[in-house]
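So the structure is just underneath, and the comments pick up after that.
The values are calculated or read from the model by the stated rules, or taken from the named source; none is laboratory data. All values reported here derive from a predicted model rather than from experimental measurement. Cβ coordinates were reconstructed from backbone atoms using ideal geometry, including for glycine residues, and neighbour counts include every protein chain displayed. These area figures cover heavy atoms from the full protein model, side chains too; ligands, DNA and RNA do not enter into them. Shrake-Rupley method; radii C 1.70, N 1.55, O 1.52, S 1.80 Å.
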Amino acid sequence: GKIANADLHISLYTEVNNVDIRFTMDGTEPSLYSPKFQEAFAVKESVVIKAQAFKNGKALGRITTKNIEIHKAAGKKVEYFIKPSPSYNTSAACLTDCLRGNIDYAKEQWAGFRGSDLDLQIDLGTMKEISKIKLSLLHNTSSWIFLPLNINFEISTDGKAYENIGSL
């Protein structure tokens with residue numbers, strides 16, 4: 001996919017101080033000759049970013065790989081009608097940042113709801129044709145994280161009247 005404007009910006013960081021972060025966006029492994037991360041950069045189409053920390057010319061740790069899958073909701077405004085549990089990420093940005101959460105729910109990649117439903121609206125800004133909706137859910141019973149009992153998808157052209165387009 002592609003997005004028309006620079007709604008999505010990528011920042012790279014590490015927990016280690018005084019290192020250079022080198023990255024690639026062409027599938028190759030980062031090296032000392034790869035671009036050095038200096039400031040957030042715009043991403044307009046799907047890409048695989050690989051990053052590596054370097055100190056004194058030597059690679060530290062392992063290469064981090066992130067698949068950025070651009071979709072029509074990339075970087076768009078999300079409004080929660082029921083707020084997430086404060087035990088999880090309460091920022092709506094995790095829903096449209098094009099990054100897929102992993103099994104570690106504490107890494108702020110997931111919005112979680114305890115004892116309440118998820119009810120939100122994603123404003124795409126303009127009318128767009130939608131052919132599919134993709135949803136990622138975390139199921140981790142050992143951490144008391146369960147899948148929803150049901151999911152309803154609705155669309156609106158005016159933000160007031162909604163039409164149900166599917167349920168799971």
Practice problem: With a point put 7 Å past each Cα toward its Cβ, work out how far Asp117 is from Arg100 in nm, to one decimal. | Solution: 2.8
Quiz prompt | Accessible area of the stretch 1-79 belonging to carbon and sulfur atoms, whole % at 1.4 Å probe | solution = 48
Quiz item: Which of the listed residues, Asn152, Ala111, Leu138, is farthest toward the dipole's positive end in the stretch 99-158, when Lys, Arg count +1 and Asp, Glu count -1 at the beta-carbon?
Solution: Leu138
Quiz item: So what is the relative contact order of the chain, in percent, for Cα pairs below 8 Å that sit 6 or more residues apart?
Solution: 16
Quiz item: Which residues in the stretch 49-64 have a backbone N closer than 15 Å to a point placed 7 Å from the Cα of Lys36 along the Cα-to-Cβ line?
Solution: 52-59
Practice problem: State in Å² the accessible area per residue of the stretch 80-168; use a 1.4 Å probe, count heavy atoms of protein chains only, and round to the nearest integer. | Solution: 77
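Is the C-alpha gyration tensor of the stretch 121-161 telling us rounded, prolate or oblate? Criteria: a/c under 1.5 is rounded; beyond that, a/b larger than b/c is prolate, otherwise oblate. Write down the numbers at each step before the final one.
Values: a/c = 3.20, a/b = 2.57, b/c = 1.24.
The shape class here is prolate.
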Quiz item: If you place +1 on the Cβ of every Lys and Arg and -1 on the Cβ of every Asp and Glu, how big does the dipole about the Cα centre of the stretch 1-134 come out, in debye to the nearest 20?
Solution: 260
Exercise. Place +1 on the Cβ of every Lys and Arg and -1 on the Cβ of every Asp and Glu in the stretch 19-70, take the dipole about the Cα centre, and give the residue among Thr28, Leu60, Ala40 whose Cα lies farthest towards its positive end.
Key: Leu60
Practice problem: Collect residues whose amide H, placed 1.01 Å from N in the peptide plane, falls under 5 Å from the amide H of Ser46; neighbours closer than 5 in sequence don't count. | Solution: Ile70
Quiz item: Can you work out the FRET efficiency for the pair Tyr162 and Ser136, with r the C-beta to C-beta distance and R0 = 22 Å, to the nearest 0.05?
Solution: 0.45
Practice problem: Using a/c under 1.5 as the rounded threshold, could you call the stretch 40-168 rounded, prolate or oblate? The axes a ≥ b ≥ c are square roots of the C-alpha gyration tensor eigenvalues, and prolate needs a/b larger than b/c, oblate otherwise. | Solution: oblate
Quiz item: If you stretched the chain out fully between Glu45 and Lys83, how much longer would it get, using 0.36 nm times the residue separation minus the C-alpha to C-alpha distance?
Solution: 10.7 nm
Quiz item: Around Gln38, what is the net charge, scoring Lys/Arg as +1 and Asp/Glu as -1 over all other residues with Cβ under 15 Å from its Cβ?
Solution: 0
